Amino acid sequence: MLRLLCITAHPDDEAGGFGGTLLHYAQRGVETYVVCLTPGQAATHRGGAKSDNDLAQMRRKEFAASCKLLRVAGGIVLDYPDGKLYQQSFYLTVADLTRHIRQIRPHVVITMGPEGAVTAHPDHSMTSVMGTMAFHWAGRTNRFQDQLEAGLTPHRAQKLYYGTTLFTLGDRQPVSMPPTSAIIEIGKEGLETKIAAFKCHTSQAPLFPLFEEMVRRRGTQELFHLAASSTPKKMEMETDLFAGVTE
Ligand SMILES: [Zn+2]
């Protein structure tokens, strides 16, 4: 059984950034997982929530509904503070992500780029940086040895990809996106399901028109940049994140 792990910052990133790809691989028998670092409690749009805690609880439920539509086998929302990932302990957060990688044992890991995706959100950047270190350190016997003493074993995933785009948002400061090296065709049904999954995040309803316009502009493709490979190789264009991956 092949496994895919997607590491994100906020509930709704899984749908907006990776929804088509998550569904595409689930439909092909890959077991898919999402680990989301924050419950999105600092969002501008509050969905009538009376407190951060209230909003976090709402967004956890919305995330679960979105994951169900995308046929995600395991969706996990951690409890880091939304908007403040850069203030968290780098060591402890990477340890947490490393533990999840050693437990889930994915063959391929996808996350955002260090630029922070098209929105350049600092949480997206930190998710990328900490997720990248967890990808590399999960496989090493001399990192987070307490986890190994507790019974986990090192796990070396075979490929790491950053989600990317061939456009940036015209009304914002420019962002330097990772060059595209893989194009995943998600199909018309994939595109519609991805939009439906985003709309499970009802607390974020004011964002729906903007999101739908952006996502339709990207069409039936999701783009990625190969950031690391367990086999040394030259860059080549791919149409499958599992190309060359062995079970
Ligand atoms: Zn986000």
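The values are calculated or read from the model by the stated rules, or taken from the named source; none is laboratory data. In this text, all values refer to a predicted model and were calculated from it rather than measured experimentally. When we count neighbours, we look across all protein chains shown, and the Cβ atoms used for this are built from the backbone with ideal geometry, even at glycine. Heavy atoms of the whole protein, side chains included, go into the accessibility calculation; ligands, DNA and RNA do not. Shrake-Rupley method; radii C 1.70, N 1.55, O 1.52, S 1.80 Å.
Just checking, does region 199-206 include any residue being hydroxyl-bearing (S, T, Y) and either more than 18 Å from the chain's Cα centre (by Cα) or at pLDDT below 95 (or both)? Yes, some residue in region 199-206 is hydroxyl-bearing (S, T, Y) and either more than 18 Å from the chain's Cα centre (by Cα) or at pLDDT below 95 (or both). Residues being in contact (Cβ under 8 Å) with a residue 24 or more places away in the chain, of a type in the set (A, V, I, L, M, F, W, C) and over 22 Å from A196 (Cα atoms) are represented in region 70-80 by at least one member. Is it fair to say A138 is out of contact with any Leu (no Cβ under 9 Å at 6 or more places or on another chain) and either modelled with pLDDT under 95 or hydrophobic (A, V, I, L, M, F, W, C) (or both)? Spelling it out, it is not the case that A138 is out of contact with any Leu (no Cβ under 9 Å at 6 or more places or on another chain) and either modelled with pLDDT under 95 or hydrophobic (A, V, I, L, M, F, W, C) (or both). Any idea which residue in region 1-20 is farthest from Q88 (Cα to Cα), counting only those that are within 16 Å of the ligand (Cβ to nearest atom) and part of a helix (DSSP H, G or I)? Of everything passing the filter in region 1-20, G19 is farthest from Q88 (Cα to Cα). Based on what the data block shows, is P106 within 15 Å of the chain's Cα centre (by Cα) and within 16 Å of the ligand (Cβ to nearest atom)? The answer is no for P106.
Of everything listed in (1) more than 30 Å from L55 (Cβ to Cβ); (2) of a type in the set (A, V, I, L, M); (3) free of Cβ contacts under 8 Å to residues at least 40 places away in the same chain; (4) surrounded by 14 or more Cβ atoms within 10 Å (Cβ to Cβ), the single unmet condition for V129 is (1). Among the residues of region 214-231, write down those that are surrounded by fewer than 12 Cβ atoms within 10 Å (Cβ to Cβ) and at pLDDT below 95. Within region 214-231, R216, R217 meet the criteria.
The set of residues from region 142-190 being farther than 18 Å from I110 by Cα and of a type in the set (A, V, I, L, M) comprises L148, A150, L152, L169, V175.
When region 136-164 is filtered for residues that are under 13 Å from L226 (Cα atoms) and either open to solvent by 40 Å² or more (accessible area, probe 1.4 Å) or not small (G, A, S) (or both), the ones remaining, listed by number, are Q158, K159, L160, Y161, Y162, T164.
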